[in-house]
């Protein structure tokens with residue numbers, strides 16, 4: 001980072017002839033009096049003392065950040081810091097080994113516990129980071145409706161391009177939403193936009209925008225990206241999210257876009273599913289970083305928005321992902337009718353769209369849950385069924401009672417399941433062996449009062465003769481019954 005004096009002698013001609021001061025000399029980097037005979041720590045502190053007059057350095061999770069002119073922090077690589085040290089050592093008194101050791105000392109000396117979107121130095125009366133929205137002209141506190149100045153004490157790694165304006169409106173945006181989405185989706189989208197402006201992850205939700213190409217999904221995504229700002233958004237494919245370093249770029253992001261969620265390798269879907277559940281569930285995860293130390297106990301602040309013409313074929317018998325998803329269905333396509341001026345016009349409305357989003361965030365927090373219309377509820381139920389073959393099988397072939405007197409042997413249930421799987425033409429990836437079938441059923445039905453038992457009992461099949469003492473049964477589901485019309489022994493040949 002090079003800082004130059006902006007004051008020119010030509011503005012002060014009366015001094016020009018009498019001053020030998022070089023007004024074009026950069027403020028930083030400038031010569032530092034290093035002592036090569038001293039250890040690297042001593043020289044590192046000489047560098048920091050000189051640099052602190054111009055720009056603060058901090059180290060978070062082993063990465064160095066420099067304070068910029070607008071009171072945000074910019075990531076610096078080790079090589080950039082070494083280059084800056086070299087520029088302050090014009091006589092080349094420090095060898096390459098000392099440069100590396102100096103960077104290590106700088107990281108130790110300037111280490112902070114804060115991560116992006118947290119206070120570095122928090123006053124006792126500092127507002128909660130979860131209430132703070134970054135704008136080009138300051139930090140808006142949702143809790144107090146106050147616009148604060150950007151400060152070096154708050155760890156912001158950038159700001160969006162729009163400026164906060166209390167009076168701004170967005171008539172074009174509201175009009176276009178009416179064309180793209182059925183009205184019952186609008187409050188949900190408004191609340192989702194508002195939540196993406198703050199680092200609050202307590203609501204544990206994911207947005208899924210599913211439907212026709214050229215139906216408005218891409219434009220909505222683009223507006224959301226602009227609101228959050230280029231520094232705090234990332235676009236990633238599901239294949240990459242499932243990779244070794246899939247979380248590395250997400251530590252300082254508020255928005256994670258998965259732009260083509262249906263395009264995923266089968267072998268990576270399970271890992272992608274688990275990572276989406278961990279991020280949306282606000283779980284502390286380990287983050288593997290290329291050529292850097294792994295981070296542990298990290299909560300990714302990003303909210304996930306995925307876009308697809310059809311939803312990825314995840315298998316999640318627990319239903320955890322489907323329960324967290326806010327599904328937005330786009331029924332109409334505007335292919336061939338695209339408005340090429342729309343992006344620019346919506347960009348002009350960003351301050352108004354931000355106000356609209358803030359209203360949604362406030363309503364979300366008042367209610368404590370998302371406003372989901374009938375279309376959204378139906379879409380979520382359909383998604384739950386599609387991700388859980390066990391639930392689909394249960395709804396069609398079984399009766400869930402939760403009653404201790406209702407018993408279904410696993411062997412009989414599995415025979416009925418295989419008949420059903422053949423009729424449904426389930427793929428080999430979707431089919432389960434007996435052990436996995438049992439586990440999937442319990443995962444899908446535990447919350448509905450169904451449990452698994454293994455102690456031996458005598459059991460009479462309620463659909464067949466009750467002569468004798470009954471069959472000895474161990475492995476069984478309790479609280480579940482098989483519908484007569486799906487009994488394997490009673491099916492028509």
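The values are calculated or read from the model by the stated rules, or taken from the named source; none is laboratory data. If you're wondering where the values come from, they're calculated on a predicted model, not measured in any experiment. Positions of Cβ are backbone-derived with ideal geometry, glycine not excepted, and every protein chain shown enters the neighbour counts.
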Inset, instruction - Please verify whether region 460-472 includes one or more residues that are modelled with pLDDT of 90 or more and surrounded by 15 or more Cβ atoms within 10 Å (Cβ to Cβ). - result: no
Legend entry - Subset of region 40-62 [surrounded by 18 or more Cβ atoms within 10 Å (Cβ to Cβ), in contact (Cβ under 8 Å) with a residue 60 or more places away in the chain and either within 21 Å of residue 97 (Cα to Cα) or not assigned by TED's automatic domain parsing to the domain that holds residue 105 (or both)]: 40, 44
Inset, instruction - For region 85-141, enumerate the residues that are buried (at least 18 other Cβ atoms within 10 Å of the Cβ) and part of a strand (DSSP E or B). - result: 132, 133, 134, 135, 138, 139, 140
Inset, instruction - Scan region 122-137 for residues that are over 13 Å from residue 151 (Cα atoms) and in contact with a helix residue (DSSP H, G or I) (Cβ under 8 Å, 6 or more places away or on another chain) and jot them down. - result: 133
Inset, instruction - Name the single residue, out of those in region 359-393 being touching a helix residue (DSSP H, G or I) at 6+ places or on another chain (Cβ under 8 Å) and without any contact (Cβ under 8 Å) to a residue 60 or more places away in the chain, that is surrounded by the most Cβ atoms within 10 Å (Cβ to Cβ). - result: 393
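Given the condition under 16 Å from residue 350 (Cβ atoms) and part of a helix (DSSP H, G or I), answer yes or no: does some residue in region 196-208 qualify? Lay out the reasoning, then the answer.
From region 196-208, those under 16 Å from residue 350 (Cβ atoms) are 196-197; that's our starting set.
Still in the running and part of a helix (DSSP H, G or I): 196.
Checking region 196-208: at least one residue is under 16 Å from residue 350 (Cβ atoms) and part of a helix (DSSP H, G or I).
Out of region 399-410, which residues are within 37 Å of the chain's Cα centre (by Cα) and either without any contact (Cβ under 8 Å) to a residue 40 or more places away in the chain or in a strand (DSSP E or B) (or both)? Break it down into steps so the answer makes sense when it comes.
The first filter runs over region 399-410 and keeps only residues within 37 Å of the chain's Cα centre (by Cα), leaving 400, 402.
Matches in region 399-410: 400 only.
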Inset, instruction - Only one of these is buried (at least 18 other Cβ atoms within 10 Å of the Cβ), part of a loop (DSSP other than H, G, I, E, B) and either touching a helix residue (DSSP H, G or I) at 6+ places or on another chain (Cβ under 6 Å) or in contact (Cβ under 8 Å) with a residue 24 or more places away in the chain (or both): 159, 81. Name it. - result: 159
Legend entry - Extreme residue, surrounded by the fewest Cβ atoms within 10 Å (Cβ to Cβ), among residues of region 411-430 that are in contact (Cβ under 8 Å) with a residue 12 or more places away in the chain and closer than 15 Å to residue 315 by Cβ: 429
